[in-house]
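Laboratory data are not the source of any read-out in this text; all were calculated from the coordinates shown. These figures come from a predicted structure and were not determined experimentally. Reconstructed Cβ throughout: ideal geometry from the backbone, glycine too, with neighbour counts over all protein chains shown.
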Amino acid sequence: MTFSDFNLKPQIMKAIEEAGFKEPSPIQKQAIPLILEGKDIVGQAHTGTGKTAAFALPILNKLELDGTVEALIIVPTRELATQVSDEVYRLGKYLGIKTATVYGGSSYSRQINHLQHASVAVATPGRLLDLLKSGKIELNPSFVVLDEADEMLDMGFLDDINEIFSYLPTNRQTLLFSATMPQAIKELASKILHSPEFISITQKEVTNKNIKQFYYVVDERERDEALIRLLDYKNPNKSIIFCRMKIEVDRLAEFLKAQGYNAKGLHGDMQQRQREDVIRSFKKGNLEILIATDVAARGLDISDVTHVFNYHIPFDPESYVHRIGRTGRAGREGIAISLVTPHEFKQLLRIQKEVGSSLINKEIPTSAEVKNQKQKSVLEQVLSQEVTTEAIELVNLLEAEADISEVALKLAAMVVKNQEIAGSDRIGKSLKEIEKLLEQTKRELSRPSRGGGRNQRYRRDNRRPRRR
């Protein structure tokens, strides 16, 4: 099956092709035809299976573009709201689609203004309910999507969700997606959906088994130093480093180039010709390290990427799956490495749970370990080096000027000089420290919530920006 089998509008097909989507994922194959038929659905699928496109593509195809918010997508966190909004815009841009994101901690007036010009709204429950209850907005969407429903349940949003639906029209097509199906989600589905079709994509492993996944725990100030140390130790042939923001891509590209690495950045603010030049260089092997944002790396099909580095761990599991999927292609083995701070442990555990695969904790190699690794590498290169006529001539010339053992020592000194190990001897947390942090985080997550659905500790769409 290909995307052309769905008979989507030409403008959507153009966006699909540009996004680099090759063939529909299992959830897309099952969900898209049902949604196009107008059926309500309950989709059980883990993150990373292509859920966003599974509901976005058919909804975009059915929009009338009448100047109102025709589709409402409700998600648990502001980070996911931004990501889903970006994805919907990208898939619908040739239709002239405008999207609006609604979440706490941002200007009410700006969000209300955006809603007045949008066809698709992506919202977190708290801010959306505030706007509806206060009468600041009225919505009459034809399509409503509840994404990551079990995550919203865990965060205490169930009461909010029920109340939100009291403000929405009953004559609508409703789609509910959830990785798991606890009883509370089943009861919610029975309330808000009409004769739904059920889809289940329940494979536990959504990542390539050829990819070995590791994480290293560092303090925020150690990220750059840790990255350099790992690049020196792993010595990857071709690697992608993922950053969250474009400004971080530019900064890190300049930093690595200043350290002598063959690295370039890739993000959406670059001109098309620049992007094409960078990708071409990377594919041909003229560029060793590509630093990219999630969006920029979508659709990259490069089979020989040996390593993927997460400079920052992504906000959600789906981004993690997309990132590490750039390696381990065409049957090859790949390595995925994430730098994590103690404050990011909850995100790490959530990703591990959702993705269904094990991330192994490791210590950052010491400078002595890197030195030993480099010496082994040099030894292997020297012993495997083919002796050429030019090399024999050079040795004869050198031998005329100095003793052969002195020549060997001087050549070795030249090699060692180029292999100085930068940074502190020890970087990041030890395995014992990591285990303690893991236990502490698991205890925090296991504590029961207090105060029901409005508990602010479990509300990630905070009403006010936190003061620092």
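Would you work out which of VAL145, LEU158, LEU95 lies farthest towards the positive end of the dipole of the chain? Charges go on Cβ: Lys and Arg +1, Asp and Glu -1.
LEU158
Using Cα-Cα distances under 8 Å and only pairs 6 or more residues apart, what relative contact order does region 3-201 have, in percent?
That works out to 29 percent.
Whole Å is fine, so just give me how far the alpha carbon centre of region 1-16 lies from that of region 257-312.
If we compute the Cα centre of each part, the gap is 28 Å.
Only four residue types carry charge here, +1 at the Cβ of Lys and Arg and -1 at the Cβ of Asp and Glu. Report the dipole size of the chain about the Cα centre in Debye, rounded to the nearest 20.
Once rounded to the nearest 20, the dipole reads 1460 debye.
Checking a compactness column here: for region 1-59, what do you get for Rg(Cα) / (2.2 N^0.38 Å), N being the number of residues?
Scaled against compact globular proteins, the figure is 1.05.
Ignoring GluC sites (Glu not before Pro) that are buried or in helix or strand per DSSP, and keeping those with at most 15 other beta carbon atoms within 10 Å, what is the longest stretch of the chain between them?
Looking at the chain, 206-332 is the longest stretch - no exposed GluC sites (Glu not before Pro) with at most 15 other Cβ atoms within 10 Å.
Would you grab the residues whose amide H sits under 5 Å from the one on GLN173? Only those 5+ places off in sequence or on another chain, please, with H modelled 1.01 Å from N.
PHE143, VAL144
Of all the C-alpha pairs in region 3-201, what % are more than 24 Å from each other?
Within region 3-201, distances greater than 24 Å cover 34 percent of Cα pairs.
Measuring from label point to label point, each 7 Å out along Cα→Cβ, what is the LEU398 to ASP304 span in nm?
Using points 7 Å along Cα→Cβ, the separation is 2.9 nm.
Nearest 10 degrees is fine. How inclined is helix 272-284 to the longest principal axis of the chain, computing both from alpha carbons?
50
DSSP loop (so not H, G, I, E, B), at most 13 other Cβ within 10 Å: list which trypsin sites (Lys or Arg not before Pro) in region 175-280 pass both filters.
LYS204, LYS209
Does anyone have the angle between helix 183-192 and the longest principal axis of the chain? Alpha-carbon axes, 0 to 90°, nearest 10?
It is inclined by approximately 50 degrees.
Would you calculate a helix-derived [θ] at 222 nm for the chain, using -39,500 (n - 2.57) for each DSSP H run of n ≥ 4 and dividing by the full residue count, to the nearest 500?
-14000 deg cm²/dmol
Divide, for the chain, the radius of gyration over alpha carbons by 2.2 N^0.38 Å, where N is the residue count.
1.14
Using the alpha-carbon atoms, what tilt in degrees (0 to 90, nearest 10) does helix 26-36 show relative to the longest principal axis of the chain?
Value to nearest ten degrees: 30.
Taking Cα pairs under 8 Å and at least six residues apart, what relative contact order does the chain come out at, in percent?
So the answer I get is 18 percent.
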